[in-house]
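Quick notes on the structure that follows.
The values are calculated or read from the model by the stated rules, or taken from the named source; none is laboratory data. Just so you know, these numbers come straight off a predicted model, no measurement behind them. Using ideal geometry, Cβ is built from the backbone for each residue, glycine included, and neighbour counts are taken over all protein chains shown. These area figures cover heavy atoms from the full protein model, side chains too; ligands, DNA and RNA do not enter into them. Shrake-Rupley method; radii C 1.70, N 1.55, O 1.52, S 1.80 Å.
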Amino acid sequence: MCLPLPAAMPFGALISDVLPGVYGSHPDFEKVDWSKVEWFDSGKPFAPDAAKSLADNGLVHKSALRFRTPGLTGIGGSFS
């Protein structure tokens, strides 16, 4: 999915304000340990700074941001 977000938005706001609206209905969402999430920017491992803006974290137009949640296996173990 594409999320048009302001470059000045703090990365932490993505986690606290945006992602709950996108993934909050997933039964495992409340179990996500954000301190252990593995982030990827366009397929490369990425260590974001929650206090810095999306731009200051190096995210640009069409950055493909993904995250993996260690310890969670998805609905019925489907990894989704």
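With each label modelled as a point 7 angstrom along the Cα→C-beta vector, the Tyr23-Val37 pair spans 0.5 nm.
With θ taken as phi - 60° and the Karplus curve 6.51 cos²θ - 1.76 cosθ + 1.60 applied, the whole-hertz 3J(HN,Hα) list for the stretch 2-15 is 9, 10, x, 10, x, 4, 7, 4, x, 4, x, 5, 4, 5 Hz, x standing for glycine and proline. Checking every one of the trypsin sites (Lys or Arg not before Pro) in the chain against DSSP loop status and a limit of 16 other Cβ atoms within 10 Å picks out Lys36, Lys52, Lys62. Quick one: work out Rg over Rh on the C-alpha atoms of the stretch 10-79, Rh as Kirkwood radius. Taking Rg over the Kirkwood Rh, I get 0.97. Calculated mean residue ellipticity, 222 nm, the chain: -1000 deg cm²/dmol, from DSSP H runs (n ≥ 4) at -39500 (n - 2.57) each, averaged per residue and rounded to 500.
What accessible area per residue comes out for the chain, rounded to a whole number of Å², with a 1.4 Å probe? Write out the running numbers ahead of the final one.
Values: 5530 Å² over 80 residues.
Per-residue accessible area for the chain comes out at 69 Å².
Per atom type, the chain shows carbon and sulfur on 57% of its accessible surface, probed at 1.4 Å.
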